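See structure below.
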Amino acid sequence: MTVQIDHALEEIRRFRPSPEFAANAVADAALYEAAQADRVAFWADQSRDLLHWDKPFTKTLDWTNPPFAKWFEDGELNVAVNCLDRHVEAGNGDRVALHWVGEPGDTRDITYAELTDEVKRAANVLTDLGVGSGDRVAIYLPMIPEAVVSMLAVARIGAIHSVVFGGFSADSLASRIDDAEASLVITADGGYRKGKVFALKPVVDDALTKSVGGSVRNVLVVKRGDNEVEWNAERDLWWHETVATASSEHEAQAFEAEHPLFILYTSGTTGKPKGILHTSGGYLTQAAFTHRNVFDLHPETDVYWCTADVGWITGHSYVVYGPLANGATQVLYEGTPDTPHPGRWWEIVEQYKVSILYTAPTAIRSFMKLGRQIPHAFNLRSLRLLGSVGEPINPEAWIWYRHVIGGGSIPVVDTWWQTETGAIMISALPGVTDLKPGSAQVAVPGISIDILADDGTPVEGEDGGLLVITEPWPSMLRGIWGDPERFKETYWEKFGDKYFAGDGARRDADGDIWLLGRVDDVMNVSGHRLSTAEIESSLVAHPWTAEAAVVGAADETTGQAVVAFVILKASQAAQVTDVAAASEELRRHVAGQIGAIARPRQVFIVNELPKTRSGKIMRRLLRDLAEGREVGDTTTLADTSIMQVISDQVK
Ligand code: WTA
């Protein structure tokens, strides 16, 4: 079928699964029926089917103390054994687990047997370093196999990992280390990005001087960048001198289903990132279930590639835990999409015959801008399923993805979920659901979603409302590390026993769900969550700044972009003669304090900020300015002429 891409929206609204795809699909409509009939029993069946339990559970869900759920409570399992040893024992040890591709072009193929051995060695080293069950380990690594090995080694011994994205600054790393009281940091000398080595170990050194907790006893360092690093002989160890030489004999112990697995920090509406806590049995059940059914995984034949970094939840659930629990063969790529040439991803797809690709709309839009000739220089015919995550995918990008990357006839699944939900919550099931570009469509089997008005009444029809999850789900967050009150307040206060996701949504006449973006002060830049408050406090920490307001402005490529409005201190304003240099300095400052992903696209130096009579900054008006729109209703401002002054300054 040929489609005029520009007019696709009007011409075709739905895509039926092809009969061939449907005939071989992993998922079928019976999943919905089973979940409908008995949601809790459905998850129990899935968990028994998908995982190996050392001690089978007899209780599925305890929801007597909401919002603190317990799933599969009396069961015991080892998460790493589920991802590794059992595949080897089943005779699949020779299957490639990871086709790793380094940015400079070096590669490694690692089988399940090899990965299992490496994880056992690393587990022995962690134990020797005194890391035990329940202890926290910070992981600050590039996208190299050791990142996967580290996470699984930590899981294997029942410790808790906190992976910190390699793009975060020393300050961000230090605050995460302190909050979790990590006793070990696993890092690398450096990694490759855009053709250059970026240093990691020096950032860890810096973070440890900034850390106030003093919890870190050791730093385990992978040699990757060959960049020069300082060495603290009492504290630092090389991976190749410890893990590589350790024994690969390691008896794994089973842990309770609710044993903590990891903490992952994410931005909320306040300045301080939240340590989202996930546990073992329920998390792994839903990660494996969704990975298998949403991506139609046939582990014997598919080559799967999720382009997310392990520093984000997508990397946790759909690079590490879901795919490995399912025995998938996958690609792991260290670098950026455009290094050393803009066709790098497509070259990898061709080379490894990738059949399932999972990426973010921001990447798709960047490729759209560059043009189809770049992907079309490669053979992409191995692809048979495409996935999207991180932000709403606009119908044009969806159609482009399906046609230009997917050749026009393969399913595209748009998956909605969050760090907090742990696994996919809303998505079509390929082969079952008719696909609709731009809509994330329907709750996955076993998940109960609703859209409510602010007062908690259900919203009917196409009117937008607030997205809630009405029943507990296996991979739900179990709390915020060290802050049960904040957990209740953030997600459960608004609608009582229903989880409030922070997203707006609407349902169309077919019952399909369309996500409308965040309704709180969380921005979404290139699929990454950033908090307006966190960037504002970083700006205010600069000696020049008196006041700052940050908004997420629509951006063609990144979805949203950070735009800041800053009032300088009177004592400084006179000295700042070069406004461009000042705003550049403030952009640099934010990148240094939080990480390059938080660097504002623009910093406007202004004399005033729009405030209500009660002193609340009206970000809505600033967003109008930042997006180049006519400024909306200003009647609630304390001084209604202010927006004119600001907009003159911005121009
Ligand atoms: C947004 C990423 C629309 C949403 C897995 C959510 C999406 C936030 C989609 C979570 C999607 C994620 N359509 N919006 N398919 N996927 N989002 O925690 O606003 O990094 O609340 O998890 O991303 O971001 P997080």
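For the reader, a short list of remarks on this structure follows.
- Residues of the range 560-594 with amide N under 20 Å of a point placed 7 Å along Cα→Cβ from E608: 564-571, 573-574
- Estimated 222 nm signal from helices in the chain, with DSSP H stretches of n ≥ 4 weighted -39500 (n - 2.57), rounded to 500: -8000 deg cm²/dmol
- Where GluC sites (Glu not before Pro) fall in DSSP loop in the range 553-649, at most 12 other Cβ within 10 Å: E556, E630
- Cross-link reach is defined here as a Cα-Cα straight distance under 26 Å, omitting same-chain residues fewer than 8 places apart; for K274 the lysines meeting it are K70, K201, K210, K488, K494, K498, K616.
- Excluding ligands, DNA and RNA, the accessible surface per residue across the chain is 38 Å² with a 1.4 Å probe.
- Across all Cα atoms of the range 69-167, the radius of gyration (one decimal) and Dmax (whole number) stand at 14.6, 47 Å.
- J(HN,Hα) series, the range 58-67, from Karplus relation 6.51 cos²θ - 1.76 cosθ + 1.60, nearest Hz, glycine and proline x: 10, 10, 8, 9, 10, 10, 7, 10, x, x
- Taking amide H as placed 1.01 Å from N in the peptide plane, G387 has its amide H under 5 Å from the amide H of L357, Y358, T359, V413, each at least 5 places away in sequence or on another chain.
- Computed 3J(HN,Hα) for the range 629-640, one whole-Hz value per residue from the Karplus formula 6.51 cos²θ - 1.76 cosθ + 1.60 where θ = phi - 60°, is 9, 5, 6, x, 4, 10, 5, 8, 6, 4, 10, 6, glycine and proline marked x.
- The trypsin sites (Lys or Arg not before Pro) found in the range 527-603 that occupy coil by DSSP, while having at most 16 further C-beta atoms within 10 Å, are K569, R601.
- All-pairs Cα distance distribution in the range 183-242, expressed in whole percent, bin size 5 Å: 5, 19, 30, 25, 13, 7, 2, 0
- Electrostatic bookkeeping for D503 treats Lys and Arg as +1 and Asp and Glu as -1; over the other residues with beta carbon under 12 Å from its beta carbon, the sum is 0.
- Under-5 Å amide H pairs with M523, H placed in peptide plane, nonlocal only: L530, S531, T532
- Interchain or long-range residues, amide H under 5 Å from D512's placed H: none
- Annotation: for a label point projected 7 angstrom from Cα along Cα→Cβ of S571, residues of the range 520-547 with backbone N closer than 12 Å are 543-546.
- In the chain, the DSSP beta bridges split such that about 60 percent are antiparallel, to the nearest 5.
- Solvent accessible area, Å² - R95, 1.4 Å probe, full protein context: 50
- Spherically averaged projected area in nm², based on the convex hull that wraps the Cα atoms of the range 376-510: 9.9
- Couplings for the range 244-249, taken from phi via the Karplus curve 6.51 cos²θ - 1.76 cosθ + 1.60 with θ = phi - 60°, read 4, 9, 6, 6, 9, 8 Hz in order; Gly and Pro are left as x.
- Rounded if a/c under 1.5, otherwise prolate or oblate - the range 11-152, Cα gyration tensor axes: oblate
- Per-pair calculated FRET efficiency, R0 = 22 Å: K272 and K210 via Cβ, rounded to 0.05: 0.90
- Scaled against the 2.2 N^0.38 Å expected of a compact globular protein of N residues, the Cα radius of gyration of the range 280-437 reads 0.96.
- Whether the range 22-65 is rounded, prolate or oblate, judged on the alpha carbon gyration tensor where a/c under 1.5 counts as rounded: oblate
- For the range 522-650, diffusion coefficient by Stokes-Einstein and Kirkwood Rh (Cα), 4 °C, 1.567 mPa s, µm²/s: 88
- Projecting the Cα atoms of A591, V603, V540 onto the charge dipole of the range 482-617, computed from C-beta unit charges around the Cα centre, puts V540 farthest toward the positive end.
- The chain - percent of accessible surface contributed by carbon and sulfur, probe 1.4 Å: 48
- Computed over Cα pairs, the Kirkwood radius of the range 184-283 leads via Stokes-Einstein (1.002 mPa s, 20 °C) to a diffusion coefficient of 130 µm² per second.
- Shape call, the range 331-409: gyration tensor on alpha carbons, a/c limit 1.5: rounded
- Size of the range 214-346 from its Cα atoms: along the principal axes, largest to smallest, the extents are 49, 46, 45 Å.
- Rotationally averaged projected area of the chain (alpha carbon convex hull; nm²): 29.0
- Radius of gyration and maximum dimension Dmax of the range 466-570, Cα, Å: 17.2, 57
The values are calculated or read from the model by the stated rules, or taken from the named source; none is laboratory data. Everything numeric in this text was worked out from a predicted model, so none of it was measured. Positions of Cβ are backbone-derived with ideal geometry, glycine not excepted, and every protein chain shown enters the neighbour counts. Just the protein is used for accessible areas: all its heavy atoms, side chains included, with ligands, DNA and RNA removed. Shrake-Rupley method; radii C 1.70, N 1.55, O 1.52, S 1.80 Å.
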